[in-house]
Amino acid sequence: MTKSVEHCFYDSSGTLGPHGDSDYRNYYGVNPISHIAQNYAHLAHDRQPPEVRIDLKSLGLDPRQLERNGLDLGSAKTFNVVDLGKDGYGMVQLKDSGARGVSSPNLAAPNEPSRTLTPAEAGHPDHAMHQQIRGKVEQLDAANGRTFDATSERMTASLLTLAKDNGLTRVDHVLLSERTRDLPAAQTLFVVQGDPKDPAMLRAHMPTADAAQRPVQESFTQLESVNQRLAQERTQELVVEQQRSQEQQQGGPIPSL
């Protein structure tokens, strides 16, 4: 991941969440932290599970912002986390603030905007990639004697979701399939990260008709689910890595949550 893309996805100023003041990390960090807390509460019902150590600060997670975004701790009202990372928070008590995860509607205050930003708007974490794809679709249109229109907008939104779902962090090329013995040209759309001739390049594809016909909002809704999954996977991977490190330091296995 390039530093510019990483900055756009993870470090840009906050415009997300029910109050429009959360960054990417804290917005999508709510669900994995809530999931860990709910599992911990289940274990604690029968026995005393080990303390949970999460390097919140090194992950870019702010306890108060997580609460503001809506932590659902299940049956527990609080969840204690130990942050022993570099300049960490130490012992942190997270408080249940309601099941208002990233898939919930935007619960803004009356004097705040009632909707969240879309990837087509500046300030959204995926805006940079959206603009990359939009530019490539415009080039594709021009090369085929077309002007950018509503169909192009639908293709842009579809390809953005496709790229994120397949692990691309930027889109360097949008290409149409060539004619084959069995199929006419332009049956398939490709998004490519890197040089198409490089074996190490990343790419994903979908039927051109699907990309052109899928409503923009449907693609953006699917993108939200993709982003939620990616953030949850990333946070859980880091938590597992930290648990393994603790296991090595303590010389014994740590019960898994």
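The values are calculated or read from the model by the stated rules, or taken from the named source; none is laboratory data. Only a predicted model underlies this, so the values are computations on that prediction, with no experimental measurement involved. Glycine gets a Cβ as well: all are built from the backbone with ideal geometry, and neighbour counts include every protein chain shown.
Determine whether region 123-131 contains at least one residue that is free of Cβ contacts under 8 Å to residues at least 24 places away in the same chain, within 25 Å of the chain's Cα centre (by Cα) and in a helix (DSSP H, G or I). Don't jump to the end; show me each part of the working.
Step one: list which residues in region 123-131 are free of Cβ contacts under 8 Å to residues at least 24 places away in the same chain, which gives 131.
Going one step further and asking which of them are within 25 Å of the chain's Cα centre (by Cα), we end up with 131.
Okay, now just the ones that are also in a helix (DSSP H, G or I), so 131.
Checking region 123-131: at least one residue is free of Cβ contacts under 8 Å to residues at least 24 places away in the same chain, within 25 Å of the chain's Cα centre (by Cα) and in a helix (DSSP H, G or I).
To keep it simple, each residue is scored yes or no on (1) in contact with an Asp or Glu (Cβ under 6 Å, 6 or more places away or on another chain); (2) outside the structural domain of residue 155 (by TED's automatic domain parsing); (3) more than 22 Å from residue 126 (Cα to Cα); (4) not acidic (Asp, Glu).
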position	(1), (2), (3), (4)
172	no, no, no, no
176	no, no, yes, yes
186	no, no, yes, yes
189	no, no, no, yes
203	no, no, no, yes
Region 216-257 - residue that is at pLDDT 80 or above and surrounded by fewer than 12 Cβ atoms within 10 Å (Cβ to Cβ) and, of those, farthest from the chain's Cα centre (by Cα): 217
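Is it the case that some residue within region 211-234 is among the aliphatic types (A, V, I, L, M) and closer than 19 Å to residue 178 by Cα?
Just the residues of region 211-234 that are among the aliphatic types (A, V, I, L, M), to begin with: 211-212, 216, 223, 226, 230-231.
Filter once more, keeping what is closer than 19 Å to residue 178 by Cα: 211-212.
Within region 211-234, one or more residues are among the aliphatic types (A, V, I, L, M) and closer than 19 Å to residue 178 by Cα.
So in region 49-99, with the set limited to residues that are hydroxyl-bearing (Ser, Thr, Tyr) and in contact with a helix residue (DSSP H, G or I) (Cβ under 6 Å, 6 or more places away or on another chain), which one is farthest from residue 33 (Cα to Cα)? Please lay out each step first, then the result.
The initial filter retains those residues of region 49-99 that are hydroxyl-bearing (Ser, Thr, Tyr), namely 58, 75, 78, 89, 97.
Those left that are additionally in contact with a helix residue (DSSP H, G or I) (Cβ under 6 Å, 6 or more places away or on another chain): 75, 97.
Working: 75: 14, 97: 13 Å.
The extreme case among them is 75.
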- prompt: Quick one: would you say residue 92 is buried (at least 17 other Cβ atoms within 10 Å of the Cβ), modelled with pLDDT under 85 and either of a type outside the set (S, T, N, Q) or not assigned by TED's automatic domain parsing to the domain that holds residue 207 (or both)?
  reply: no
message: Of everything in region 59-83, what is farther than 28 Å from residue 20 by Cβ and exposed (fewer than 15 other Cβ atoms within 10 Å of the Cβ)? Give them in sequence order.
response: 75, 80
field: Condition met for residue 76 (at pLDDT 90 or above, outside the structural domain of residue 192 (by TED's automatic domain parsing), part of a loop (DSSP other than H, G, I, E, B) and out of contact with any Gly (no Cβ under 8 Å at 6 or more places or on another chain))
entry: no
